[in-house]
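Q: Here it is, the structure in full.
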Amino acid sequence: MKSVCLVLTAAAAVVLSACAATVLPPPAPSSTLPAAPVVTAIAPVVVPSKLPVGKSQFEFVDNKGDPTRPVKVWMFVPESCDTKCPLQFVMHGVKRDAEQYLDTWVAFANERKFVVIAPEFSRQYFPNDDDYSLGRATTETNPAKWTFAVLEHLFDELKSRHGFASETYRLFGHSAGGQFVHRMHLFVPQHRASPIIAANAGWYTEFEWGLLFASKFPFPYTTIGSRVDEARTKVVLHNPFVLMLGGQDTDQNDAVLNKSAAANLTGLNRLARGRHFYENAQRAAQRLDVRFTWQLQIVRGVAHNHAGMAAAAVKFMYPDLK
């Protein structure tokens, strides 16, 4: 029995020895921290808001331009319209009555199926005529802060907010709005307005290359001393533009008509001044050897009347939409 015990004891020692060899010590603490998981940033998805059918308004703060001068925007969306409908911008006159201008266009919009946008440049934030009809180009050195730039920035905002598909907008301005529109065409030739119509403006900024007289009047009565140099003038004259004049807009005693010597030099009423501006542009194009693409439309039987001119403009801009 003693020998057996010895054998068993020896075997047990061997087993214990083998087991001890397979036991690993605990890992030493490491100073290297595990790598942090990789987090991929996901840009927020901007979902366009639903189009507000009917008449509405909102305040537009131009963060791309001058955010200290907000603009009230009147909008009308026909029930039959979606984001594929054309966008029609309408520029008010000297009374800053954008809502009344919008109301005039409601029936046209319902009939031809387009969205109307009427920005209101209030006297509170745009107190002077220069702030509106001259686009602040006489006082502001930064083109992004010109009133002319508001329309381009507002167009971007509408596309982002509602998802409008069009890459262009249609533009009509009457009276002081016609002044705004024709000068916007001069100073912002890269605009996306098409077609663009200026109607019954009270006076114009004439191209210096088309003048028949040695003018002593600089900008804003002519392009002399302005940013509209020869290179820009060539672009402006080649880009399509429509000048629309009321055939009966001949009242030279109108209380708000500019009667300065510089304005009277181009005519004594709106019709005469409009014709002069168009002929001046033709001469400038010839002298600068530019293909002239502008159009002149005389609306017979209409005087200084926004509704009458708007009806003619709608037929021109929407000939196939009914």
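Q: Does region 97-126 hold any residues that are out of contact with any strand residue (DSSP E or B) (no Cβ under 7 Å at 6 or more places or on another chain), crowded, with 17+ Cβ neighbours inside 10 Å and aromatic (Phe, Trp, Tyr), and which are they?
A: Passing the criteria: 108, 126.
Q: For the subset of region 261-284 comprising residues that are in contact (Cβ under 8 Å) with a residue 24 or more places away in the chain and touching a His at 6+ places or on another chain (Cβ under 8 Å), which member is surrounded by the fewest Cβ atoms within 10 Å (Cβ to Cβ)?
A: For region 261-284, the residue satisfying everything is 266.
Q: Go through (1) at pLDDT 95 or above; (2) of a type outside the set (A, V, I, L, M); (3) surrounded by fewer than 22 Cβ atoms within 10 Å (Cβ to Cβ) for residue 139 and report which single condition fails.
A: (1)
Q: Now a separate question. For the list (1) open to solvent by 20 Å² or more (accessible area, probe 1.4 Å); (2) more than 26 Å from residue 104 (Cβ to Cβ); (3) not in a loop (DSSP other than H, G, I, E, B), I need the number of the one condition that residue 312 fails.
A: For residue 312, the failing item is (2).
Q: Name the one entry in 94, 90, 77 that is among the hydrophobic types (A, V, I, L, M, F, W, C) and loosely packed, with under 15 Cβ neighbours inside 10 Å.
A: 94
Q: Would you tally the residues in region 285-298 being open to solvent by less than 20 Å² (accessible area, probe 1.4 Å) and in contact with a strand residue (DSSP E or B) (Cβ under 9 Å, 6 or more places away or on another chain)?
A: 1
Q: Ok, one more. With more than 24 Å from residue 60 (Cβ to Cβ), open to solvent by less than 30 Å² (accessible area, probe 1.4 Å) and hydrophobic (A, V, I, L, M, F, W, C) as the only criterion, which of 150, 228 stands out?
A: Result: 228 is the single residue among 150, 228 that is more than 24 Å from residue 60 (Cβ to Cβ), open to solvent by less than 30 Å² (accessible area, probe 1.4 Å) and hydrophobic (A, V, I, L, M, F, W, C).
Q: Follow-up. Of everything in region 236-253, what is open to solvent by 70 Å² or more (accessible area, probe 1.4 Å) and under 20 Å from the mean Cα position of the chain (by Cα)? Give them in sequence order.
A: The one that is open to solvent by 70 Å² or more (accessible area, probe 1.4 Å) and under 20 Å from the mean Cα position of the chain (by Cα): 240.
Q: Only one of 195, 240 is within 21 Å of residue 89 (Cβ to Cβ), touching a Lys or Arg at 6+ places or on another chain (Cβ under 7 Å) and modelled with pLDDT of 95 or more. Can you tell me which?
A: Of 195, 240, the one residue that is within 21 Å of residue 89 (Cβ to Cβ), touching a Lys or Arg at 6+ places or on another chain (Cβ under 7 Å) and modelled with pLDDT of 95 or more is 195.
Q: Of the residues that make up region 299-307, is at least one at pLDDT 95 or above, assigned to a helix (DSSP H, G or I) and under 25 Å from residue 229 (Cβ atoms)?
A: No.
The values are calculated or read from the model by the stated rules, or taken from the named source; none is laboratory data. If you're wondering where the values come from, they're calculated on a predicted model, not measured in any experiment. In this analysis, Cβ positions are derived from the backbone assuming ideal geometry, glycine residues included, and neighbour counts consider all displayed protein chains. Protein only, heavy atoms only, side chains kept; ligands, DNA and RNA dropped before computing areas. Shrake-Rupley method; radii C 1.70, N 1.55, O 1.52, S 1.80 Å.
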